[in-house]
1. Kindly list the number of the only condition in (1) touching a helix residue (DSSP H, G or I) at 6+ places or on another chain (Cβ under 7 Å); (2) part of a helix (DSSP H, G or I) that fails for residue 79.
2. Taking the conditions exactly as written (under 24 Å from residue 94 (Cβ atoms), modelled with pLDDT of 95 or more and touching a helix residue (DSSP H, G or I) at 6+ places or on another chain (Cβ under 7 Å)), does residue 65 satisfy them or not?
3. Restricted to the range 51-73, and to residues that are surrounded by fewer than 13 Cβ atoms within 10 Å (Cβ to Cβ) and touching a residue at least 24 places away in the same chain (Cβ under 8 Å), which residue is nearest to residue 28 (Cα to Cα)?
4. Are any residues in the range 18-30 in contact with a helix residue (DSSP H, G or I) (Cβ under 9 Å, 6 or more places away or on another chain) and either closer than 14 Å to residue 90 by Cβ or surrounded by fewer than 16 Cβ atoms within 10 Å (Cβ to Cβ) (or both), and if so, which ones?
5. Determine whether residue 88 is out of contact with any strand residue (DSSP E or B) (no Cβ under 6 Å at 6 or more places or on another chain), in a loop (DSSP other than H, G, I, E, B) and closer than 18 Å to residue 38 by Cα.
6. Report the residue count in the range 74-95 for those that are under 19 Å from residue 13 (Cβ atoms), free of Cβ contacts under 8 Å to residues at least 24 places away in the same chain and surrounded by 11 or more Cβ atoms within 10 Å (Cβ to Cβ).
C-alpha cells in the first residue's frame, strides 16, 4: 500500500512488483490489447464479427475482450493489430 507523499513508477505492473523486464512486456501487451478492444468497439463488431475480421475464434475474441493478458503474446497482438488494419510503432528509449 502506498503512503501519502510517495509516487509510483510510470508502469503500474512495476508498482505491482513485477520485474522491470516483465513489467515492460505487460505494459506493451496491455497497450496493444486496449487498442484492439477500442478498435472492435469503435467498429461495433460482435465477437463473431471480430473473430472473422481478425481471423481468430470467437472464444479467443472473448478472452481478448475480457483482458486475459496472459493468453496473448506481443507477436500475436502485433498480428491481430495488422489484421485490424492498425499500425504498430516501436520506440526504444533510455531507462529511467
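1. (1)
2. Against the criterion (under 24 Å from residue 94 (Cβ atoms), modelled with pLDDT of 95 or more and touching a helix residue (DSSP H, G or I) at 6+ places or on another chain (Cβ under 7 Å)), residue 65 does not qualify.
3. That would be 73.
4. 20, 22, 24, 25, 27, 28, 29
5. Here the answer is yes, as residue 88 does meet what is asked.
6. 1
The values are calculated or read from the model by the stated rules, or taken from the named source; none is laboratory data. As the structure is a prediction and not an experimental result, all values here were calculated from the model. Cβ coordinates were reconstructed from backbone atoms using ideal geometry, including for glycine residues, and neighbour counts include every protein chain displayed.
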